[in-house]
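Step one of this worksheet: look at the structure below.
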There are 2 protein chains.
Amino acid sequence: MKKQPVCNITTQCQARILAIKDAMEILSGKWKFHILGTLLLNEKMRFMDLLREVEGIAPKMLSKELQDMEMNQLITRTVINTKPITVEYALTAAGRTVEPLIDELASWGGAYRHALYNKKGR
Amino acid sequence: MKKQPVCNITTQCQARILAIKDAMEILSGKWKFHILGTLLLNEKMRFMDLLREVEGIAPKMLSKELQDMEMNQLITRTVINTKPITVEYALTAAGRTVEPLIDELASWGGAYRHALYNKKGR
DNA sequence: AGGTATAGTTACCTGAAGGTAACCAGTTTC
DNA sequence: GAAACTGGTTACCTTCAGGTAACTATACCT
């Protein structure tokens, strides 16, 4: 008799897996956390500000990531009618909810680095 | 005068960015969270168990991700001398520390889905 | 001797992610 | 009038993550 392909498919587990998949999809890519983290510190930022603050990002990537996140309603884009036109990006309420996640990620990364330093460092 | 390339490089920020980069690198990929989540539920699991539990993963990917995580000291691999040889995978103490992170990720994903459903659903 | 289990490995292929560089159009400053 | 600001777009190229399928070798069951 063949072994059953799965043992652990409770509805709870399935929902959890789906939630994780969602989160990973929405927050995927190299830059989103850095952009969101910067917006958490500064409230409203223009395109060129972000380009300077998020170290290493190219305008093309920044533009694409901002569009992604606007579509997913994490940020808003507002065109301001100044002399040279300016654009303001800001977090939405939904966008602000990533703060604990980013905190957790940062603290995990920090703790991990610290733990390895104590064990293997030299 | 050119604008300064950066305004926000406090040492705190730099450390935070580094920690996030670390975490993303170590936990990168489509499968690590699912594997870790499964190991959180089951303590000790064999290769074929994981292959069955982590829905959709191919043996090649599972093997590779397990090796990655063993190198990063998140899991242990123990060969057991049974009739047909078996291998047990289990979380290390460091591996168990991802639990809050996974919880946060899952709860964020769930909340996000819920929020969008209330706003745009239908 | 054929099917099942164990734990993987190997070769091949593809699509997406991301980097580089140049360019656009308008405006203010030097 | 040249340079630097504004906010991007476009084309091109490279890398790699990840998927598919087949295969290895040993051993138990019937």
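The values are calculated or read from the model by the stated rules, or taken from the named source; none is laboratory data. Since the structure is predicted, the reported quantities are computational estimates derived from the model, not experimental observations. Reconstructed Cβ throughout: ideal geometry from the backbone, glycine too, with neighbour counts over all protein chains shown.
A few notes on this one:
- Flag for residue A:95 being within 14 Å of chain B (Cβ to nearest Cβ) and more than 14 Å from DNA strand C (Cβ to nearest atom): yes
- A count restricted to the range B:36-54 and to residues that are within 14 Å of the chain's Cα centre (by Cα) and either within 15 Å of DNA strand C (Cβ to nearest atom) or modelled with pLDDT under 95 (or both) stands at 3.
- Failed condition for residue A:89, given (1) in contact (Cβ under 8 Å) with a residue 40 or more places away in the chain; (2) under 14 Å from residue A:33 (Cβ atoms): (2)
- Selected residue (only one of A:75, A:80 is surrounded by fewer than 17 Cβ atoms within 10 Å (Cβ to Cβ) and either within 13 Å of DNA strand D (Cβ to nearest atom) or within 13 Å of chain B (Cβ to nearest Cβ) (or both)): A:80
- Looking only at the range A:10-35, and only at residues there that are part of a loop (DSSP other than H, G, I, E, B) and at pLDDT 95 or above, the one that is surrounded by the most Cβ atoms within 10 Å (Cβ to Cβ): A:27
- Residue check, residue A:7 facing chain B (nearest Cβ under 10 Å), at pLDDT below 95 and either within 21 Å of residue B:10 (Cβ to Cβ) or surrounded by fewer than 13 Cβ atoms within 10 Å (Cβ to Cβ) (or both): yes
- Single condition residue A:88 does not satisfy, out of (1) farther than 24 Å from residue B:29 by Cα; (2) away from DNA strand C (no atom under 16 Å from the Cβ); (3) of a type in the set (Asp, Glu); (4) not in a strand (DSSP E or B): (4)
- Matching residues, the range A:34-52, being within 23 Å of residue B:23 (Cα to Cα), more than 9 Å from every other protein chain (Cβ to nearest Cβ) and more than 11 Å from DNA strand D (Cβ to nearest atom): A:35, A:36, A:39, A:40
- Any hit, the range A:91-102, residues being buried (at least 17 other Cβ atoms within 10 Å of the Cβ), within 16 Å of DNA strand D (Cβ to nearest atom) and farther than 30 Å from residue B:94 by Cβ: yes
- Across the range A:53-72, the number of residues qualifying as within 8 Å of DNA strand D (Cβ to nearest atom) and either touching a helix residue (DSSP H, G or I) at 6+ places or on another chain (Cβ under 6 Å) or in a helix (DSSP H, G or I) (or both) comes to 7.
- Filtered residue count, the range B:36-72, keeping only those that are in contact with a Leu (Cβ under 9 Å, 6 or more places away or on another chain), touching a residue at least 40 places away in the same chain (Cβ under 8 Å) and crowded, with 17+ Cβ neighbours inside 10 Å: 4
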